[in-house]
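The values are calculated or read from the model by the stated rules, or taken from the named source; none is laboratory data. Everything quoted here is computed from the prediction, not taken from an experiment. Cβ: placed from backbone, ideal geometry, glycine included. Neighbour counts: every protein chain shown. Quick note on the areas: whole protein, heavy atoms, side chains included, nothing else; ligands and nucleic acids left out. Shrake-Rupley method; radii C 1.70, N 1.55, O 1.52, S 1.80 Å.
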Amino acid sequence: MTDINEWFRSSGLQIVLLLVGAVLVGRFVTWGRDRITEQIDSSFQTSDALVRTEAAKHRHALAQVLTWVVLTLIYILVGMRVLQNLGFSLNGLVAPAAVLGAALGFGAQRIVQDILAGFFIITERQYGFGDVVEISVNGSAEVADGTVEDVTLRITKLRSTDGEMITVPNGQIVKVKNLSKDWARAVVEIPVPTSVDLNLVNEVLRDVGAKAYREKRLQAMLLDEPTVMGIESIEVDQVNIRMVARTLPGKQFQVGRDLRVRVAAALRREGLGAAAAGMSGTAIASGPDTPEETA
């Protein structure tokens, strides 16, 4: 009984203090991360910027990654210290640990792959907190798309448009399409019957683009005046004319919807209701002209 009391007063007390200290340090690190991310978010919400800057998204993701790394190191070091206080000799565990490490190395290849992929995602700024992305996952036919809510060295968490949380291991990412990198492009396809005067249609579309760019609400989201690219494809009874607009990242969908409404109304005013009825469009991210890929 005396030995047990002495152990509790020495090693036992140290173990309790180590565990309590690890919890407190972990809480402090998490609190620091939350303060940093809240400051980044508040500076965005209180400014006139419509979208976060690339630097702000990178700082947000970096704060999350550093927190994850620091917490992992703290728990590993505390765990080793607790084992020492319990009487386990770490020197004697070197040989078994080497064998166990070799065995785990084969089984933990995916974890190492995830961490390495996450490291390059962060350092290369492929995407960050708040980006709208489409991720192709190895072995899955479906694309994971949504808004990035969390990035660590191991996983990426997305919030879909339906509110679902999607978790993707970084090592399983084959290709990433960033829809909110630097700038984006709204694309509107206008199908026009071959019997229609194409010069008239082009004039109507140019007029729509000029008026849209002069409007204060849309001008804040447009980087330049929408342009008519001309005939995109020719079919048996119709031709497709493409209209494009460079927008702020993440605003291509809103701009595309607004342009389609304006184009449809303008075509109807000119008596081109058939063309307005069959109109469609897409929104393409084009910060660089090609989607970003991860190794």
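Quick notes on this structure:
- Calculated on C-alpha atoms, the gyration radius of region 168-250 divided by its Kirkwood radius gives an Rg/Rh of 1.13.
- Rolling a 1.4 Å probe over the heavy atoms of the protein chains gives region 128-250 an accessible area of 48 Å² per residue.
- Straight-distance candidates among the lysines for linking to K157, with alpha-carbon spacing under 23 Å and chain neighbours fewer than 8 residues away dropped: K57, K175, K177, K181, K251.
- Placing M165, M243 in order of accessible area, with the largest value first and a 1.4 Å probe, yields M165, M243.
- For peptides 128-134, 258-264, sequence by mean Cβ density within 10 Å, most packed first: 128-134, 258-264
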